Amino acid sequence: MDEVLTQTKFDILRKKLSPTAFPISEGSMSKAKGLLEHAEFPTRKIETWKYTNVNGLNKLSLNGESSDLTNSKSITKETKKVHIINGKLSKEHSDFSGIKTSWNELPNICQEDSFDALNLLYCTAAIELTFRDGENQIIELIFENTRNTAIFPRIFISCKESAKGTVILNFQGAEKNASFINVSTFVEVEENAHLSVHKIQKNGSDTFDLQREYVNQAANSVFAINTFPLSGRMTRNDLRINVNGSNCETFMNGAYTLKGKSHCDNHTTVDHKVAHCYSKELYKGVIDDRATNVFNGKVFVRKDAQKINAFQSNANILLSETGSVNSKPELEIYADDVKCSHGSTTGQLDDEAIFYLRSRGLSEKSAKELLVKAFLGEVLEEVDNEDVRSYVGQEIEKHFSA
């Protein structure tokens, strides 16, 4: 009975989607269909989905009705930009030079994940970004969503040996948009390469946004990803990093602002497979009204991965009595010569700090806004791109002054 129910839920969802126009190998297509036929639709009985309910996906109409304009804008100045409007690549508004968007066949990649299988079979845009030594490019992908529709980009990022690059994934949705965003991003950071990814998720109030990043790091590379879920009905980010080479540095940062009935779930996994590597993870958020947040960060240190330094921290502030947080940082260490730590805190704003600021002439609202800005500012300090840092800072101010 449960198996029939599970398959029925995926079938209901798939009937609302249009098969991809991109060519897929028979092997990949067979694997993806097999995963969907046998995978269990996420429920609270599954540990990794214990605090996140995705049943609302099947209630989305995805009928293409237009919402208000997003008034979206580019975050960066004088950079290469690619616009993806309502899931489709826009030739009119994009600079595709050096970027691959046409395919004889999509790369033969299909993860053991039902939503990645959906992404492959119903892909709406496929983009490959390649950074080569000596270029040091910044590329911004702008996803503008003005209709209630399915947006399934498949993104491939390759930072070649000794290259340096920056990618900005800028998701902008109309205020009342009710889209289903489902993104798979595959990242290869080769030896001595340095790659930064900045992801901004500013979606409509009824949008479901499920994203996955699969990252491989080679020796002596540096990889940083900064994630900013700013709005949306439900946001789920699954970040999976394989540190395959020695002397790697890995940085993961996130700041989220939640209010209303929004829900955010950040799942991160860092797998240290070899010795002499460093990873640092910092996620901080502010939760208001009836919003809910989940953080699950896991660090693996394998048996032969000695001399690993791994640090993980999640901190949250609750601005209401009805908001909630479920935080679970984890370490699995199989080596004995390592320095690893993790921590999680959830609390309210300091009443004494608010009183002090009010005694200096600030209103209670202004005092709280200042404390929130300072709290999330620690994450913004980790962002090496000034345009991204400025944009996110402004959005945080707007969020709590509204």
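Filter the range 146-164 for residues that are outside any loop (DSSP other than H, G, I, E, B) and among the small types (Gly, Ala, Ser) and give the result.
Ala150, Ser158 - these are the residues of the range 146-164 that are outside any loop (DSSP other than H, G, I, E, B) and among the small types (Gly, Ala, Ser).
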Test each condition in (1) under 14 Å from the mean Cα position of the chain (by Cα); (2) of a type in the set (A, V, I, L, M, F, W, C); (3) in a loop (DSSP other than H, G, I, E, B) for Ala275 and report the one that comes out false.
(1)
Using the structure shown, decide if Thr250 is more than 20 Å from Ile109 (Cβ to Cβ), assigned to a strand (DSSP E or B) and either in contact with a Lys or Arg (Cβ under 6 Å, 6 or more places away or on another chain) or at pLDDT below 95 (or both).
no
Assuming Ser61 fulfils every condition listed in (1) among the hydroxyl-bearing types (Ser, Thr, Tyr); (2) touching a residue at least 40 places away in the same chain (Cβ under 8 Å); (3) surrounded by 13 or more Cβ atoms within 10 Å (Cβ to Cβ) apart from one, which condition is it?
(3)
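Given the criterion in contact with a Phe, Trp or Tyr (Cβ under 6 Å, 6 or more places away or on another chain) and crowded, with 18+ Cβ neighbours inside 10 Å, identify the matching residue among Gly254, Gly323. Before you say what the answer is, go through the steps one by one.
Details: Gly323 fails: in contact with a Phe, Trp or Tyr (Cβ under 6 Å, 6 or more places away or on another chain).
Result of the check over Gly254, Gly323: Gly254.
Please find, within the range 188-201, the residue that is nearest to Arg132 (Cα to Cα) out of those that are of a type outside the set (A, V, I, L, M, F, W, C) and buried (at least 21 other Cβ atoms within 10 Å of the Cβ).
The initial filter retains those residues of the range 188-201 that are of a type outside the set (A, V, I, L, M, F, W, C), namely 188, 190-192, 194, 196, 198-199, 201.
Now narrow it down to the ones that are buried (at least 21 other Cβ atoms within 10 Å of the Cβ): 190, 196, 198-199, 201.
Values: Glu190: 10, Ser196: 14, His198: 19, Lys199: 22, Gln201: 28 Å.
The residue in question is Glu190.
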If I filter the range 271-320 down to residues being under 19 Å from Ala335 (Cβ atoms) and aromatic (Phe, Trp, Tyr), which single residue comes out as surrounded by the fewest Cβ atoms within 10 Å (Cβ to Cβ)?
Phe311
Go through Leu318, Leu349, Leu357 for me and flag whichever is more than 24 Å from Ser262 (Cα to Cα) and of a type outside the set (Val, Ile, Thr).
Leu357
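Conditions (1) buried (at least 24 other Cβ atoms within 10 Å of the Cβ); (2) modelled with pLDDT under 95; (3) in a strand (DSSP E or B), marked per residue:
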site: Thr166; (1), (2), (3): no, no, yes
site: Phe171; (1), (2), (3): yes, no, yes
site: Phe186; (1), (2), (3): no, no, yes
site: Asp206; (1), (2), (3): no, yes, no
site: Arg212; (1), (2), (3): no, no, yes
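Kindly indicate whether any position in the range 343-356 is out of contact with any strand residue (DSSP E or B) (no Cβ under 8 Å at 6 or more places or on another chain), small (Gly, Ala, Ser) and either more than 21 Å from Asn266 (Cα to Cα) or touching a residue at least 60 places away in the same chain (Cβ under 8 Å) (or both).
Let us first name the residues in the range 343-356 that are out of contact with any strand residue (DSSP E or B) (no Cβ under 8 Å at 6 or more places or on another chain), namely 350-356.
Imposing the further condition that a residue be small (Gly, Ala, Ser) reduces the set to 353.
Still in the running and either more than 21 Å from Asn266 (Cα to Cα) or touching a residue at least 60 places away in the same chain (Cβ under 8 Å) (or both): 353.
Within the range 343-356 (the criterion being out of contact with any strand residue (DSSP E or B) (no Cβ under 8 Å at 6 or more places or on another chain), small (Gly, Ala, Ser) and either more than 21 Å from Asn266 (Cα to Cα) or touching a residue at least 60 places away in the same chain (Cβ under 8 Å) (or both)), the answer is yes, since at least one residue qualifies.
Filter the strands (runs of 3 or more DSSP E) completely within the range 38-145 down to those with at least 2 residues that are more than 24 Å from Pro23 (Cα to Cα), of a type in the set (Asp, Glu) and out of contact with any Cys (no Cβ under 6 Å at 6 or more places or on another chain). Quick ask: steps written out before the conclusion?
On the way: elements: 80-85, 125-131, 137-145.
Of the strands (runs of 3 or more DSSP E) lying wholly inside the range 38-145, those with at least 2 residues that are more than 24 Å from Pro23 (Cα to Cα), of a type in the set (Asp, Glu) and out of contact with any Cys (no Cβ under 6 Å at 6 or more places or on another chain) span 137-145.
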Of the residues Thr124, Thr101, which single one is more than 19 Å from the chain's Cα centre (by Cα) and not charged (D, E, K, R)?
Thr101
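The values are calculated or read from the model by the stated rules, or taken from the named source; none is laboratory data. Note that this is a predicted model, so its numbers are computed, not measured. Here the Cβ is made from the backbone with ideal geometry for all residues, glycine too, and neighbour counts use every protein chain on show.
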